[in-house]
1. What residue, of 70, 88, 45, is in a strand (DSSP E or B), farther than 14 Å from residue 102 by Cα and in contact (Cβ under 8 Å) with a residue 24 or more places away in the chain?
2. Out of the stretch 130-164, which residues are closer than 14 Å to residue 69 by Cα and under 16 Å from the mean Cα position of the chain (by Cα)?
3. Would you point out which residue out of 85, 54, 98 is surrounded by 13 or more Cβ atoms within 10 Å (Cβ to Cβ), closer than 15 Å to residue 149 by Cα and at pLDDT 95 or above?
4. So the check is Cβ under 8 Å with 6+ separation or different chains; which pairs have a first residue in the stretch 109-126 that's on the phi < 0 side of the Ramachandran plot and at pLDDT below 95 and a second one that's in a helix (DSSP H, G or I) and surrounded by fewer than 12 Cβ atoms within 10 Å (Cβ to Cβ)?
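The values are calculated or read from the model by the stated rules, or taken from the named source; none is laboratory data. Note that this is a predicted model, so its numbers are computed, not measured. Ideal geometry is used to build each Cβ from the backbone, glycine not excepted, and the neighbour counts take in all protein chains shown.
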């Protein structure tokens, strides 16, 4: 898997973000936070009822966020109308935001189902089986941009990762 391109985010000058890449975060470190996070905050928006924020259990596998749920939820209705989405994670010391597009998966490979079983069983002690992931209702968020920094050192660590 190819790593995303690391750049500095465009942040107004008053925030003190360095223009050179010295001190920028490495993708492997940010990916580990995304993989290990327990709660993912997913932001959607609908044309009639505006923005919506929901916390989900999810698995970050191969630089894609996977989560499931009922197609009757507000976030699911929103994503079916507009797949643009933002995600943030809770993790001490880091601020990480993902921007991308969501898609409902109609086919789940045995390899992906096995990876999700391992992820959910490890992180949540939530026993799943490969069949649980092949019944429908599984969403994938494909990252387009990830913004990350350490709280204590925004100026030197602020990094934007761009995916192809």
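1. Details: 70 fails: in a strand (DSSP E or B); 45 fails: farther than 14 Å from residue 102 by Cα.
Of the residues listed, the single one that is in a strand (DSSP E or B), farther than 14 Å from residue 102 by Cα and in contact (Cβ under 8 Å) with a residue 24 or more places away in the chain is 88.
2. Restricting attention to the stretch 130-164, the residues satisfying the condition of being closer than 14 Å to residue 69 by Cα are 132-141.
Correct list: 138, 139, 140, 141.
3. Values: 85 fails: closer than 15 Å to residue 149 by Cα; 54 fails: closer than 15 Å to residue 149 by Cα.
Going through 85, 54, 98 in turn, the sole match is 98.
4. Between residues of the stretch 109-126 that are on the phi < 0 side of the Ramachandran plot and at pLDDT below 95 and residues that are in a helix (DSSP H, G or I) and surrounded by fewer than 12 Cβ atoms within 10 Å (Cβ to Cβ), the close pairs are 113/131.
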